[in-house]
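S.K.: The structure is given below, and queries will be raised subsequently.
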Amino acid sequence: MSSMLKIDRLIRSKRKTLSLEILADGSLQVRAPQHLSRAQIEAVVAQKEAWVRAKQETARRVSRAHVQPGIQAGDTFYYLGQPYCLALVEQQSDSLILDGRFSLRRSDLGQAAELLRRWYTHQAQALILPRVVRLAAQHNLSYRRVRITRAHTRWGSCGVHGSLNFSYRLVMTPPAVIDYVIIHELAHLQVRNHSRAFWQVVQSLLPGYRDQVAWLKQNSGGLARLD
Ligand SMILES: [Zn+2]
């Protein structure tokens, strides 16, 4: 009998061995050598079924834990890669302040997600927009316009006419990761797809970008979604 496990993403390369990875959203990614047939790959995956299912269960539980709508005191929110605890306070000038922790006016708890999103969007506009201008100028790349969006799952995108979009959530990640995502989208101005040529452009603009890719893979599941 063939496995009922779904391979969400199959990446073929010159590697010699097959590897299975469960991503933060619980999807299964398989990297395989070119010569293996689909049936051979599925056979290996089937042998690992118990392991895959256990890992998927854990990943989905963790990712569900971060999409809970109810925000509470003690929850952790990231800003520039650093975790800050959310505290409720009775009185303060603004609804939400970051001063070593996120302090939220208790009477505004019902709109916590919206207030946090607005706060992150504001920071994203102040930090990411000038950074795009600077990195584009530094590498002599020109784009049409840049915007901060409410995208929850994509960190950035590059439209066909050269419009760059970045999620407000990107300021939850460390500055080096922000730079990588900006460079990634700027590189799409030269190469639209994710071909080898594309990654060569990224590599030439930002050697060491793989560390930031790894950071995102490891940590993005733990960053709040405020939708
Ligand atoms: Zn891309």
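The values are calculated or read from the model by the stated rules, or taken from the named source; none is laboratory data. Computed from a prediction, not measured in an experiment: that's the story for all the values here. Here the Cβ positions follow ideal geometry from the backbone for every residue, glycine too, while neighbour counts run over all protein chains shown.
S.K.: Across the stretch 171-180, what is the number of residues that are buried (at least 23 other Cβ atoms within 10 Å of the Cβ) and under 23 Å from Ser142 (Cβ atoms)?
M.R.: Qualifying residue count for the region: 2.
S.K.: Looking at the stretch 193-227, which of its residues are within 30 Å of Ala112 (Cα to Cα) and in contact with a Phe, Trp or Tyr (Cβ under 6 Å, 6 or more places away or on another chain)?
M.R.: Gln212, Leu223, Ala224 - these are the residues of the stretch 193-227 that are within 30 Å of Ala112 (Cα to Cα) and in contact with a Phe, Trp or Tyr (Cβ under 6 Å, 6 or more places away or on another chain).
S.K.: Here's something else I'd like to know. Looking only at the stretch 180-198, filter to residues that are within 10 Å of the ligand (Cβ to nearest atom) and either out of contact with any Cys (no Cβ under 9 Å at 6 or more places or on another chain) or small (Gly, Ala, Ser) (or both); which one of those is nearest to Arg12 (Cα to Cα)?
M.R.: Among those that are within 10 Å of the ligand (Cβ to nearest atom) and either out of contact with any Cys (no Cβ under 9 Å at 6 or more places or on another chain) or small (Gly, Ala, Ser) (or both), it is His194.
S.K.: Is there a residue being closer than 20 Å to His161 by Cα, in contact with a Gly (Cβ under 9 Å, 6 or more places away or on another chain) and in a loop (DSSP other than H, G, I, E, B) anywhere in the stretch 194-211?
M.R.: No: zero hits.
S.K.: Taking the stretch 139-164 as the search range and keeping residues that are closer than 26 Å to Tyr84 by Cα and of a type outside the set (Lys, Arg), which one is nearest to the ligand (Cβ to nearest atom)?
M.R.: Among them, the one singled out is Gly156.
S.K.: Of the conditions (1) surrounded by 15 or more Cβ atoms within 10 Å (Cβ to Cβ); (2) at pLDDT 95 or above; (3) part of a helix (DSSP H, G or I), Asn165 fails just one. Which one is it?
M.R.: (3)
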